[in-house]
């Protein structure tokens, strides 16, 4: 059975679009980029709709309902404290949310500046209940752990430190150059 196409909704006027935006922000924190993308589906097409969205964004910022700085700070803090994610994972998430690079850099410096990444990686390992690689396929398990830690945003150097604490043999030539990973992120 094919899905029916969603009916084209009537575009909202500026007051209704403002109410829609406030409702969206009440449900979930958003960046300017996210909110504009959401409102675009409900606003008039063309220059009139863009102008209305810009006025609404300006009004929401004035009312302090919308702030990319506050969003970035809260996002980074929550990902670090609750999810135990590394710096790179948070950086990627903020980039996907449409936060500007300068704001991302300053936020990450503030949130992760005094954080020991190895301790955070250990907390991530504990949170995910990852076990020490052992047995016949210990190397395969170590590679799997390595991948999970790197996807969680930890640098190769940090991953190797955690694995060395477990007395696991790994080929460190794979991730010797942390700058190569950092360059790939940019």
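Shown is the FRET efficiency for residue 137 and residue 61, computed with R0 = 45 Å from the Cβ-Cβ distance and rounded to the nearest 0.05: 0.25. You can think of it this way: the chain between residue 165 and residue 22 has 46.6 nm of extra reach, that is 0.36 nm per residue less the Cα-Cα gap.
Over the C-alpha trace of the stretch 68-112, radius of gyration and Dmax come out as 8.9, 24 angstrom. Take the alpha carbon gyration tensor of the stretch 34-100, find the square roots of its eigenvalues, order them as a ≥ b ≥ c, and report rounded if a/c is under 1.5; if not, report prolate when a/b exceeds b/c, else oblate. Prolate, because a/c is 1.5 or more and a/b exceeds b/c.
For the pair the stretch 73-143 and the stretch 1-59, the centres of their Cα atoms are 33 angstrom apart. Estimated from helices alone, the mean residue ellipticity of the chain at 222 nm is -19000 deg cm²/dmol (sum of -39500 (n - 2.57) over DSSP H runs with n ≥ 4, per residue).
Once you divide the Cα radius of gyration of the stretch 14-62 by 2.2 N^0.38 Å, the number left is 1.00.
The angle between the Cα long axis of helix 138-151 and the longest principal axis of the Cα atoms of the chain comes to about 30 degrees, rounded to the nearest 10.
Taking Cα atoms only, the orientation of helix 14-27 departs from the longest principal axis of the chain by about 30 degrees. Note on the chain: along the principal axes its Cα atoms extend 65, 49, 27 Å, ordered by decreasing extent. Using only the alpha-carbon atoms, how far is helix 156-165 inclined from the longest principal axis of the chain? Give it as 0 to 90 degrees, nearest 10. Long axis of 156-165 versus the principal axis of the chain: about 40 degrees.
Readers should treat all values here as calculations from the given coordinates under stated rules, not as data from a laboratory. Bear in mind the structure is a predicted one, so any value in this text is a computation, not a measurement. Counting neighbours? That spans all protein chains shown, and the Cβs are built from the backbone with ideal geometry, glycine included.
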